[in-house]
1. Taking the chain as the region of interest, what is the percent of Cα-Cα pairs per 10 angstrom bin, listed from the shortest bin to the one with the maximum distance?
2. Between Val26 and Glu3, 0.36 nm times their residue separation minus their Cα-Cα distance comes to what?
3. Roll a 1.4 angstrom probe over the protein heavy atoms and tell me the percent of accessible area of the chain that is carbon or sulfur.
4. What whole-number value in Å² describes the accessible area per residue of the chain for a 1.4 Å probe?
Amino acid sequence: MLELIKDLWNFLKARKKFWLLPIIIVMVLLGALLVLAQGSAIAPFIYTLF
């Protein structure tokens, strides 16, 4: 997992694509929210957002 993050950072640095970083962070946070809320009582409310 750490190597993937290092490769992604090197790609962003080499190609000057730092504008992709906020998009990647938001996607990871939304994915984590969906995974963590899957078994909880708020899951139906989160799924209605999408």
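1. 22, 38, 22, 17, 1
2. Working: separation 23, 0.36 × 23 = 8.28 nm, distance 2.03 nm.
Going from the current span to full extension adds 6.3 nm.
3. Values: 3390 of 4490 Å².
Result for the chain: 75 percent of the exposed heavy-atom area is carbon or sulfur.
4. Numbers: 4490 Å² over 50 residues.
On a per-residue basis, the chain sits at 90 Å².
The values are calculated or read from the model by the stated rules, or taken from the named source; none is laboratory data. Keep in mind that this is a model prediction, so the values were computed, not measured. Accessible surface is based on the protein model in full, side chains and every heavy atom, while ligands, DNA and RNA are left aside. Shrake-Rupley method; radii C 1.70, N 1.55, O 1.52, S 1.80 Å.
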